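The values are calculated or read from the model by the stated rules, or taken from the named source; none is laboratory data. Everything quoted here is computed from the prediction, not taken from an experiment. Cβ sites come from the backbone with ideal geometry, for glycine too, and all protein chains shown count toward neighbours. Keep in mind that these areas ignore ligands, DNA and RNA; they rest on the heavy atoms of the full protein, side chains included. Shrake-Rupley method; radii C 1.70, N 1.55, O 1.52, S 1.80 Å.
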Amino acid sequence: MSRPSFLSSVFTVAGGTAVAQAIALAALPVLTRLYPPEAYGAFVVFLAWGGFVLPLVCARFEVAVALPRRAASASALVVGSLAVAVGVALACALAVAAALAWRPHLSRYGLAWLPLYVLLGGAVQVLSNWAARVQDFRRLALARVLQAGVTATLSIGGELAAGASPLVLVLATVAGQL
């Protein structure tokens with residue numbers, strides 16, 4: 001089997017990313033009409049908490065997956081990165097439990113789902129770097145498109161089925177990562 005050309009690989013990844021962004025952009029006008037500003041604002045608070053933790057979730061070890069010459073060394077980095085992600089998710093779960101015990105009203109922001117969001121976000125980062133290492137750019141592009149599609153579909157369908165709750169947006173986002 002021949003290796004894809006550099007340009008073909010770039011277009012595959014860029015195309016998948018562009019389609020994923022187009023899906024999110026197309027869903028945005030629908031979502032902003034289905035969900036009231038309060039629900040969307042609470043969801044943004046959840047994303048802000050996740051955005052604080054996600055860059056740290058694997059201690060940036062996942063970036064090193066592409067570096068080793070031997071596949072065994074790269075595989076060890078994948079396992080190590082995932083182990084760190086589990087540890088960070090557990091620490092996050094403890095912090096969330098303390099925060100919810102101290103301020104129970106934070107549950108309306110979907111805070112209880114933050115550890116799973118962090119764990120899955122770490123796994124996505126690690127597996128994306130592994131796919132790039134093994135030059136599986138089609139799978140990488142498809143994963144991005146599926147993540148955006150699942151998140152948008154569940155966000156819209158969830159509101160129609162369960163109502164305009166920030167929790168619906170949180171669960172749709174977590175499911176999209178899964």
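Some observations on this one:
- Qualifying position, being farther than 27 Å from ALA89 by Cβ, of a type in the set (Gly, Ala, Ser), at pLDDT 90 or above and open to solvent by 50 Å² or more (accessible area, probe 1.4 Å), among ALA18, ALA24: ALA18
- Test set (1) surrounded by 18 or more Cβ atoms within 10 Å (Cβ to Cβ); (2) more than 16 Å from the chain's Cα centre (by Cα); (3) free of Cβ contacts under 8 Å to residues at least 24 places away in the same chain; (4) under 21 Å from ALA64 (Cα atoms) - VAL96 fails condition number: (4)
- Pick from the range 163-178, criterion among the aliphatic types (A, V, I, L, M) and not in a helix (DSSP H, G or I), ranking: most open to solvent (accessible area, probe 1.4 Å): LEU178
- Just one of the listed residues (ALA164, ALA132, ALA123) is over 15 Å from the mean Cα position of the chain (by Cα), within 18 Å of GLU62 (Cβ to Cβ) and in contact (Cβ under 8 Å) with a residue 24 or more places away in the chain, and it is ALA132.
- GLY87 satisfies every condition listed in (1) touching a residue at least 24 places away in the same chain (Cβ under 8 Å); (2) under 18 Å from the mean Cα position of the chain (by Cα); (3) surrounded by fewer than 17 Cβ atoms within 10 Å (Cβ to Cβ) except (1).
- Near pairs, Cβ below 8 angstrom, 6+ apart or cross-chain, from the range 21-34 (assigned to a helix (DSSP H, G or I)) to any residue that is open to solvent by 70 Å² or more (accessible area, probe 1.4 Å) and among the hydrophobic types (A, V, I, L, M, F, W, C): LEU34/LEU160
- Condition check for LEU140 on (1) open to solvent by 20 Å² or more (accessible area, probe 1.4 Å); (2) farther than 17 Å from LEU47 by Cβ: one failure, at (1).
- Filtered residue count, the range 1-51, keeping only those that are aromatic (Phe, Trp, Tyr) and touching a Phe, Trp or Tyr at 6+ places or on another chain (Cβ under 7 Å): 1
- Sole exception among (1) among the hydrophobic types (A, V, I, L, M, F, W, C); (2) more than 13 Å from the chain's Cα centre (by Cα); (3) surrounded by 15 or more Cβ atoms within 10 Å (Cβ to Cβ) for ALA66, by number: (3)
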